[in-house]
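Here's the structure, in structure tokens; my notes come after.
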Amino acid sequence: LFARTKVGDRIGDTLEALILKKVPGYTLLKGAAAGHLGVDVESEIEVCLARIEDAWQFAFVLERPPSGPCTVFLPSAPTPTAGTVMFLEPDRLRRVDLSVGQVMKCVSQLGVGSAKLLSSGELAAPR
């Protein structure tokens, strides 16, 4: 009941910012849980498509330094909390207007629904 008050909400947000967001994987797990529940949550993680050889793969940009490669996490299907960390140049990344939860849900469903998510042409040939 306390958590539903403004004070409780503010304390929860502060604890999340100071402690939980520093736990590796917390933001991805929160996004995965939200995706399975059909709830969108705000995330600081940038959702992209990463060009890997001649293919595109969903990716989460974890760090984008002023110059040099970005640190990205490539989720694996059907368990999107498992995957690969890669360092890719920014020109190999295309930002997409999707939430972490939407991508996690799509990956956990082996890509079912990706055509609808990417209906605006994000998979066009690289420029």
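Descriptive notes on the structure:
- Local electrostatic count, C70, Cβ distance below 13 Å [Lys/Arg +1, Asp/Glu -1]: +1
- Label separation (S119 vs D97): 1.3 nm, computed from points 7 Å beyond Cα along the C-beta direction.
- Solvent exposure, largest accessible area first (probe 1.4 Å, DNA, RNA and ligands not counted), of M86, M104: M86, M104
- Using a Förster distance of 41 Å, the FRET efficiency for E89-T14 (Cβ separation, nearest 0.05): 0.70
- Sequence-ordered 3J(HN,Hα) estimates for the stretch 91-106 from the Karplus curve with 6.51, -1.76 and 1.60 and θ = phi - 60° stand at 6, 9, 10, 10, 5, 10, 8, 10, 8, 4, x, 4, 5, 4, 5, 4 Hz, glycine and proline given as x.
- Across the stretch 54-66, rounded Karplus estimates of 3J(HN,Hα) from the backbone phi angles (6.51 cos²θ - 1.76 cosθ + 1.60, θ = phi - 60°) give 9, 10, 10, 9, 4, 8, 10, 7, 8, 9, 10, x, x Hz, Gly and Pro being marked x.
- Amide H contacts of E46 (H built 1.01 Å from N, in plane; Pro and chain starts excluded): V61 sit under 5 Å, all sequence-distant by 5 or more or on other chains.
- Cut-off under 5 Å, modelled amide H: who pairs with C70 long-range: L88, E89
The values are calculated or read from the model by the stated rules, or taken from the named source; none is laboratory data. Just so we're clear, the structure is a prediction, and the values are computed from it rather than from any experiment. Cβ sites come from the backbone with ideal geometry, for glycine too, and all protein chains shown count toward neighbours. For accessibility, only protein heavy atoms count, side chains too; no ligands or nucleic acids. Shrake-Rupley method; radii C 1.70, N 1.55, O 1.52, S 1.80 Å.
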